[in-house]
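Every number in this text was worked out from the coordinates using simple rules, so none of it is lab data. Nothing here was measured: the structure is a model prediction, and the numbers come from that model. Note: ideal-geometry Cβ built from the backbone for every residue, glycine included; neighbour counts use all protein chains shown.
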Amino acid sequence: MKTTLSIIKADIGSIGGHIKPSEKLFETVKSYVEKKGKGLFIDSYVGYTGDDIAILTTHKRGPLDSKIHKLCFDAFMTGTKVAKSQGLYGAGQDLLVEAFSGNVRGMGPQVAEMEIEERPAEPFLMFAADKTEPGVYNLPLYLSFCDPFHCGGLLLSPVLKKGFKFVIMDVAYTKADRIIELVTPEETYDIAALLRDTGRFVVESIWSRATGEQVASVSTTRLHNIAGKYTGKDDPVMLIRSQKDFPATGEILSPYTIAHYAAGDCRGSHNVAVMPVKKNSSISFFDGPVVVSALAFSMQNGILTEPADCFDHPYWDYVREKSAKKTEEMRKQGFVGPAMLPMTELEYTGVMETLKVLEQRFKTRAK
Ligand code: F6R
Ligand code: MG
Ligand code: MG
């Protein structure tokens with residue numbers, strides 16, 4: 001009997017701007033899920049990263065199940081009432097529709113789901129990022145699944161050596177899901193050619209070529225593509241199974257040592273270094289920086305252990321310091337060049353409006 005892992009997450013309001021949900025809001029969502037989900041799911045975990053609340057459930061109902069999705073949507077709607085009553089900022093901001101229909105895809109919340117045949121021991125990781133876009137995971141996924149510098153298993157395990165299938169989505173295409181399937185190791189350079197463009201091509205899922213099993217699932221929704229205007233950065237979530245025929249947990253975490261630059265941060269309009277953070281962390285500097293949390297779970301028959309907080313280790317204090325330094329270096333050049341995102345990616349319309357006005361004042365001069 002297969003087990004489904006579902007993460008559904010949303011920003012429904014936070015304290016003092018876009019920092020973190022209030023305790024009352026967080027507890028409201030958590031207790032709603034626990035009370036109303038009885039008999040529907042097997043187990044659940046609710047946590048937050050920055051201003052986003054993520055609900056993880058395990059169940060037997062398959063991906064895109066309307067009852068699981070409605071439970072989470074209703075939990076966020078109930079939370080929104082509390083957020084409004086407390087005067088939290090951006091109350092309900094990720095709920096782009098008021099009435100639930102079918103599943104939450106396209107309604108604002110981020111979704112990452114996987115239906116799996118449970119192994120006797122089933123370790124997996126739940127990632128949640130704030131103040132950034134789904135493409136933030138492109139580089140770490142490429143390095144964990146294609147590069148022996150980070151995944152020694154690609155050399156050391158004959159199973160991993162068979163490679164992986166990447167399903168990549170063109171998130172600029174909004175009429176339907178536009179996807180491409182590419183396999184490693186043969187098409188690794190083609191994968192790289194797409195994944196370099198983090199605003200457009202995003203990993204949706206990864207599959208083992210040796211066993212056919214799904215290894216990773218990433219939320220790919222881009223809010224401004226759905227809403228047609230800025231309603232906050234997407235703040236993606238991700239599930240990755242680890243160990244044995246898949247990369248080891250350490251090989252999945254290894255790329256985060258780079259603190260790579262990613263789009264987002266203040267007004268969703270800058271490039272700063274990704275900072276790995278502990279569970280239930282807030283954001284701060286420059287409405288950020290871009291943060292990512294990683295919780296490891298074990299599971300048996302859908303029942304979860306408590307999470308092990310992957311970035312709560314002295315090693316990551318060093319990475320956090322490096323990440324802050326990298327962000328500061330980029331911030332020193334403010335709005336110039338790579339510090340601020342290109343025109344097509346800017347979330348606020350101010351620059352565009354200014355340019356429209358200035359356009360009238362340009363004159364041409366004979367050479
Ligand atoms: C980034 C983010 C914040 C806001 C900024 C201004 O994803 O949510 O950086 O963009 O605080 O917010 P508003 O426009 O709501 O005043
Ligand atoms: Mg957020
Ligand atoms: Mg937000």
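Quick look at the numbers
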{"item": "Fluctuation leader among Val82, Val336, Val290 - the chain, Gaussian network, Cα springs under 10 angstrom", "result": "Val336"}
{"item": "Under 20 Å from the Arg178 label point (7 Å along Cα→beta-carbon), backbone N, the stretch 99-128", "result": "106"}
{"item": "Distant-in-sequence amide H partners of Gly47 (H built 1.01 Å from N, under 5 Å)", "result": "Ala54, Leu56"}
{"item": "Rg in Å to one decimal, and Dmax rounded to a whole Å, for the chain via C-alpha atoms", "result": "20.4, 77"}
{"item": "Within the stretch 118-367, percent of DSSP bridges classed antiparallel, to nearest 5", "result": "95 percent"}
{"item": "Rel. contact order, % - alpha carbon contacts under 8 angstrom, at least six apart, the chain", "result": "19 percent"}
{"item": "Local electrostatic count at Phe41 - Lys and Arg +1, Asp and Glu -1, tallied over other residues with Cβ under 11 Å", "result": "+2"}
{"item": "Cross-link table Lys9/Lys244; Lys60/Lys244; Lys2/Lys165; Lys24/Lys84; Lys20/Lys131, entries beyond 19 Å C-alpha to C-alpha", "result": "Lys9/Lys244; Lys60/Lys244; Lys2/Lys165"}
{"item": "Ranked by how many other beta carbons lie within 10 Å on average, peptides 52-62, 185-195, 19-29, 169-179 from highest", "result": "52-62, 19-29, 185-195, 169-179"}
{"item": "Efficiency of FRET from Cβ geometry, Val159 and Tyr189, R₀ 25 Å, rounded to 0.05", "result": "0.65"}
{"item": "Mean Cβ neighbour count within 10 Å, used as a protection proxy, ranking 246-256, 131-141, 297-307 highest first", "result": "131-141, 246-256, 297-307"}
{"item": "Whole-Hz ³J(HN,Hα) from phi, Karplus 6.51 cos²θ - 1.76 cosθ + 1.60, for the stretch 287-302, glycine and proline x", "result": "6, x, x, 4, 10, 9, 10, 9, 10, 9, 10, 10, 8, 9, 6, x"}
{"item": "Relative contact order (%) - criterion: Cα under 8 Å, at least six apart; region: the stretch 103-179", "result": "11 percent"}
{"item": "Surrounding net charge for Leu88, when Lys and Arg each add one and Asp and Glu each subtract one, Cβ distance under 15 Å", "result": "-2"}
{"item": "Value of relative contact order over the stretch 1-117, rounded to a whole percent, pairs C-alpha under 8 Å and six or more apart", "result": "43 percent"}
{"item": "DSSP bridge orientation in the stretch 98-210 - percent antiparallel, rounded to nearest 5", "result": "100 percent"}
